[in-house]
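What follows is one structure encoded as structure tokens, with my remarks underneath.
What follows draws every value from the coordinates through simple rules; no lab data is involved. All figures in this text were calculated on a predicted structure; none of them were measured in a lab. Cβ sites come from the backbone with ideal geometry, for glycine too, and all protein chains shown count toward neighbours.
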Amino acid sequence: DKQVVQPVVSVYPAASRAQLEEKSSLLCVASAMFPPLVRISWKKQKESGPLQDVNPADVKRQELRESGCSASILTIPQIPNKYLCSVQHQGGTVTAQKEIGNEGLVSAFSSDSASCGDDGLLTLLYTVLILKSLVYCCGLSLLRIFRNNKPSIH
């Protein structure tokens, strides 16, 4: 029997095509826990107001369970707010936060970087996001090409 170990929780800015639409993405990573089952949720706080639940449509669930890690991506407007990632685990609830200022994301990375087996999870996640963006752009380009080359019948 292994002992219950609480997760280490970190929040990072995540690169995505949403930045072109004046949005940002945050990546919440829970790692180094046992058992590896967690529930990740997001809350936001406007200035010094109360915590509010985040719209579920803005949360992209990326169930990446590599080396005991789980991740969640939140797409948000670039409006000054504080965002809180809450990870529920058998060992208790652990939270981490990131603040969005008037200039967008305040800091590039959280000071407490979580390791998921030589950062393999983060590399995989960024690769998936880049590939997803490329496929999206190629698909749009093909649609425009086929739409413009369609013969008109009059």
message = Using the Karplus curve 6.51 cos²θ - 1.76 cosθ + 1.60 with θ = phi - 60°, what ³J(HN,Hα) values do you get for each residue of segment 28-44, in whole Hz, with x for Gly and Pro?
response = 10, 10, 10, 9, 6, 10, 9, x, x, 9, 9, 10, 9, 9, 10, 9, 10
query = How do 91-99, 4-12 rank on mean C-beta neighbours within 10 Å, highest first?
reply = 4-12, 91-99
key: Qualifying lysines (Cα of each under 16 Å from Cα of LYS23; at least 8 residues distant if same chain)   = LYS44, LYS60, LYS82, LYS98
